[in-house]
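Contents: one structure, followed by commentary.
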Amino acid sequence: MYRELVLEHARAPRNFGELSDATHEAVGHNPLCGDRFRIQLRLADDRLEASRFDGHGCAISTASASLMTEAVTGIDSLQARELVDTVLETLADADDDRPLGTLDALKGVRAFPTRIKCATLPWHTLRSALTDNNKTVTTE
Ligand code: ZN
C-alpha cells in the first residue's frame, strides 16, 4: 500500500508547478541521481499558506516532494521545521517506528540505501527555504 502511494504521487504529483507569490524558496540538487527541485513557500503570519515544487527527479524524490507539500501546507514554520527533523531522523534509522501518517509511505526507501538521498532531498530543501532564503542545497 505504501509503495502504491509513492507511485501514485510520482505519477500525479500534488502542488507541482510555480508558486507565483512565493515568499520563500530554495533549490535542492542530488547529483547522485540527478534530482533537482525548487521548493517554494508562501508564509503569512508564520503559517505556510502554500507550498509548491517544480523541477525534475526520479519517482522517489518526486513522490517525497509531493507528499511533503501536502503535509506542510497549513502548519506554521516551527511545526514544519520539526517535521523536517522527524522525517530525516526516521529515514536515517530503520528501527524508528514513529507514525508519520501518509509520510509513512517514504519509509520503504530505507530498504534501498542508495535511494535515501532521493527521499530526503525535498526535506533538506524545505529546511533551507525556511531558514536561508534562496540558497541551493546539495546532498553531496
Ligand atoms: Zn532520485
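A few points about this structure:
- Residues that are within 16 Å of the ligand (Cβ to nearest atom), out of contact with any helix residue (DSSP H, G or I) (no Cβ under 9 Å at 6 or more places or on another chain) and either hydrophobic (A, V, I, L, M, F, W, C) or within 13 Å of ALA59 (Cα to Cα) (or both) within region 7-35 comprise just one, GLY34.
- Some residue of region 101-110 being over 11 Å from the mean Cα position of the chain (by Cα), within 13 Å of the ligand (Cβ to nearest atom) and of a type in the set (A, V, I, L, M, F, W, C): yes
- Figure legend. Inter-residue proximity from region 51-69: first residues polar (S, T, N, Q), second residues part of a helix (DSSP H, G or I) and near the ligand (Cβ under 10 Å from one of its atoms), beta-carbon distance below 6 Å, spacing 6+ or different chains. Indicated pairs: SER61/CYS118; SER61/LEU121; SER64/ALA119.
- Looking only at region 1-39, and only at residues there that are in contact with a Cys (Cβ under 9 Å, 6 or more places away or on another chain) and among the aliphatic types (A, V, I, L, M), the one that is surrounded by the most Cβ atoms within 10 Å (Cβ to Cβ): ALA10
- Restricting ASP46, ASP54 to those that are away from the ligand (no atom under 16 Å from the Cβ), acidic (Asp, Glu) and either in contact with a Phe, Trp or Tyr (Cβ under 7 Å, 6 or more places away or on another chain) or on the phi > 0 side of the Ramachandran plot (or both) reduces the list to ASP46.
Taken together, the values in this text are just the output of simple stated rules run on the coordinates, not laboratory data. Computed from a predicted structure; not experimentally measured. Neighbour counts are summed over all protein chains in view; Cβ atoms, including those assigned to glycine, are modelled from backbone coordinates with ideal geometry.
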